[in-house]
Every structure is written in C-alpha cells, then in structure tokens.
1. Kindly establish whether ALA381 is within 16 Å of the ligand (Cβ to nearest atom), in contact with a helix residue (DSSP H, G or I) (Cβ under 7 Å, 6 or more places away or on another chain), small (Gly, Ala, Ser) and assigned to a helix (DSSP H, G or I).
2. Pick out the one residue from LEU328, LEU294 that is crowded, with 17+ Cβ neighbours inside 10 Å and part of a loop (DSSP other than H, G, I, E, B).
3. Right, THR370: more than 15 Å from the ligand (Cβ to nearest atom) and touching a residue at least 60 places away in the same chain (Cβ under 8 Å) or not?
4. In the list PRO350, PRO335, which residue meets the criterion of being in a helix (DSSP H, G or I), crowded, with 19+ Cβ neighbours inside 10 Å and more than 16 Å from the ligand (Cβ to nearest atom)?
5. Here are some residues: LEU265, LEU261. Which one is in a helix (DSSP H, G or I), within 16 Å of the ligand (Cβ to nearest atom) and closer than 24 Å to VAL229 by Cα?
6. Which members of segment 373-397 meet the condition of being over 21 Å from GLU62 (Cα atoms) and free of Cβ contacts under 8 Å to residues at least 40 places away in the same chain?
7. Would you check if GLU281 is within 11 Å of the ligand (Cβ to nearest atom) and either charged (D, E, K, R) or surrounded by fewer than 20 Cβ atoms within 10 Å (Cβ to Cβ) (or both)?
8. Filter segment 398-415 down to the residues that are surrounded by fewer than 24 Cβ atoms within 10 Å (Cβ to Cβ), part of a helix (DSSP H, G or I) and within 16 Å of the ligand (Cβ to nearest atom) and list them by number.
Amino acid sequence: MTNFCQLLLLLFSLTLVLPAVAQPAPAGAVHTGPAFDVEAATQRYLDTLTPAQKAKSDAYFEGGYWLQLWELLYALGIAAVFLRLGLGRWLTRVAARMPRPWLRRLAYLFGYLLLGWVLSFPLSVYVGWVREQQYGMSNETFGAWLADALKELALSLVFGSFLLLGVYAAVRRTGRRGWAWATGLVALALVLTVFVGPVYVAPLFNHYTSVPAGPVREGILRMARANGVPADKVYLFDASKQSKRISANVSGLGRTIRVSLNDNLLNRCTPAEVQSVMGHELGHYVLNHIPKSLVFMVLLIGGCLWAVDGVFHRLLGRYGAGWGIASLGDVAGLPLVMALLTVFNFLTTPVVNTLVRTQEHEADLFGLNTAREPEAFAKVAMKLSEYRKINPGPLEEMIFFDHPSGHTRVHTAMQWKAEQPR
Ligand SMILES: [Zn+2]
C-alpha cells in the first residue's frame, strides 16, 4: 500500500543498485581497433551469463511486473475494507471521542495510517523480506527487517498524519481549488524530506562514515574535484547489514546533497568498477537530477490530485452516503483518495520510469566520460543481472525499467569505447 509519508521518504534516493557476482571479462572484448565490433563485444558480455543465472534474473524481475498489479489490487482491497466493510466508520466513531474537531481528524488520519500498515503487513513481509530471502539478496534476519519497518512506520505516523492534517485543512478552506493547495503542501513536504533525508532519516537505518583513505578514495575524490563536487560530499554506509546488493546513490538537496557508496560496492568490486559506478553517481549530482526530478514529481502529483478531485466528486454523489464520506474535505474519504492515487500511480508508472531511466542514461554517459572505464562499467552492468532482466524487448524496457537494462548499458559502454581516439 502506498501511503503519503512512505512515498515521501522513499521517493528521492536516485540509486544505481548493483548486485555482486564476480564476472570475468569476456575474451576478445578488451581491445579497440579498426575491427572493434560494438554489437559483437556487447554480445560477448551477454554470453557470460549462464542460462541458469539468466532464468533466475528474468524470473525475479518479471515477478516484479506482476507484483505491481497485485500491489494495486491489494491496495484496492484495503480501501474496500475501510469503505465497504465499515472499518472507516468504526474509526470515525473512535476518533469522535476526541474533544476538538482537529484532534478528531488527526486521530482518524493516525488510525488510518496505522491500520493501513497492519492490513498491508502480509504483502510487505512477502515483498520486503520473504522474496528477497528466496532470491538470496537479503542479509537480514526477520527481526532486523521488522525493526527497520517499524522505524518507517513511526516516521509515517508522526509526519504523515500531520502532513495530511494540513492538506485537509487546505482542502476544506479552498473548495474546488483544494487540489492545487494540496499539491503546494505536498511539494513543500517533498522538498523538505529530500533536504533533511540524508541528515536525519538515512542515519536512522544505516551508519555513515567517510571513505577510508587509499587509492579508491583518492580516485573518487579526484573525479569529484574535477567536476566541482566538494570532497566532504562523499560518504560510505553499511548497507551490508540489510542486503547483498552493491549500490551507491545521490541524495539530499542544496547544502545536504551528497554521494554515498555502500560497503558491498567497496568490498566486492575492483577499484576500476567502483570508479565507474561513482562516475555515474557524480553524474546525477552534476546534472542536477534531484532538483529536476522534484519539479517533475510535483507536476505529476499536481496532475494526479487534480484527477482525484474530479473522480472523487463523481463517486461522492453515488456512494458517499454508503461509504460514510461527506465531502472531499472529510478525512473519512482518505481511503478513497488513496485508492485513486494508487490507481493513478499505477497508470503513470511507465512515464515515471521513462523519466528516471532517461536520467540514468545521462548519468551512465557522464560516468563513462568521467571515469573512462568502459570495461569496468560493462562488468558492473552485467552484475545487475542478478536482479534486473538483462535483455528485455524495447517496449518492455520502456514500460517496466527505471534504469537502462544490462544490454543497453553494456552497448552504451562498448559504443563509447569504440569511439575513443586511438
Ligand atoms: Zn543512477
């Protein structure tokens, strides 16, 4: 289930996630020259994957397509429990015991977020823990996973309920222009969340330090300085306590923006591979991908809230009395608002994926130009195959991929290599 605060908390970590399987360089792919054949070099990389590895990776990734549909249906089921089975009316009655109207609204919002979390818990456990265990990607005990999930819940309850209280206050005062004011408030919360995220949220889940001194740190800092990124903006964090995946990310905004690499990346990749990944992450930083994505997300949220306003009012006349909803400004309508947002979120997934994937491709090119390690980058792209389908069809890549596929990335690297002056 999608709830506002989770969305805000998780929305902005532009991440290149790379799992860890040592891959030898394919024979014949390491020399450029007059006869360097980009397609053949790409194919040689793809052929390093065994049929069993490819089948497992395809199964994991294609399972994710279906999960998006199951998550949508599950969220609609939760909305039905609130609206049709009467959980929403019960919550309204419980909240009515509070002495003041704003406290009643806050109690309903808090209760909705809590009960929604409880109802979605079985699916969250399956997606977040069971499935990751099945595919050998998790390093976490169930207890450790649950502890992190409870921290996320606490943040969602505290910040999500007050944000929603503000949104409802705006909607009640501004009538049919409420969606625009709500968008403004959500945009503010989003910007604030991205700004404070690396300083106050990320350290609740992982420990952040500077990269230990040595050639790897020097290589990263050299690229950083050359591209106008301050050296104190590069961090290392202990992702291995949760996952086996290798990753790095860019997070924050303005003064808090930073590049973070995880310890799996440092421990399981060659210095050249680390360099190629960090070149990509510096690309996100230098190309201002976070502010650009924020603008895009705010426009998208605005469009979705405008659409929610329209559909909500159509449904209100017909079902409002039965579902115990008086108006759009009534918090009892939140299960319906969230159900509509979940549907719009589902429908706009290919658009969001394409925006993110386009930025990832830009960062790939920036990384190649900066780290100048096409072979290392291709090897890292192949390692992604552990959890991302390596060679999808073009339409499949457009709809489902929020990063370029392994095939696209290896091809990009080989093309870059072929065009270097000899
Ligand atoms: Zn990236």
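1. Values: within 16 Å of the ligand (Cβ to nearest atom): yes; in contact with a helix residue (DSSP H, G or I) (Cβ under 7 Å, 6 or more places away or on another chain): yes; small (Gly, Ala, Ser): yes; assigned to a helix (DSSP H, G or I): yes.
Here the answer is yes, as ALA381 does meet what is asked.
2. Working: LEU294 fails: part of a loop (DSSP other than H, G, I, E, B).
Only one candidate qualifies: LEU328.
3. Details: more than 15 Å from the ligand (Cβ to nearest atom): no; touching a residue at least 60 places away in the same chain (Cβ under 8 Å): yes.
For THR370, the condition - more than 15 Å from the ligand (Cβ to nearest atom) and touching a residue at least 60 places away in the same chain (Cβ under 8 Å) - is not met.
4. Details: PRO350 fails: crowded, with 19+ Cβ neighbours inside 10 Å.
PRO335 is the lone residue from the list that is in a helix (DSSP H, G or I), crowded, with 19+ Cβ neighbours inside 10 Å and more than 16 Å from the ligand (Cβ to nearest atom).
5. Working: LEU261 fails: in a helix (DSSP H, G or I).
That would be LEU265, the only listed residue that is in a helix (DSSP H, G or I), within 16 Å of the ligand (Cβ to nearest atom) and closer than 24 Å to VAL229 by Cα.
6. Once the filter is applied, which keeps residues that are over 21 Å from GLU62 (Cα atoms) and free of Cβ contacts under 8 Å to residues at least 40 places away in the same chain, segment 373-397 yields nothing.
7. Numbers: within 11 Å of the ligand (Cβ to nearest atom): yes; either charged (D, E, K, R) or surrounded by fewer than 20 Cβ atoms within 10 Å (Cβ to Cβ) (or both): yes.
Yes.
8. Within segment 398-415, THR408, THR412 meet the criteria.
Quick note: the coordinates plus some simple rules give every number you see, no bench work behind them. None of the values given here were measured: they were computed from a predicted structure. A quick note on method: Cβ atoms are made from the backbone with ideal geometry, for glycine too, and the neighbour counts reach across all protein chains shown.
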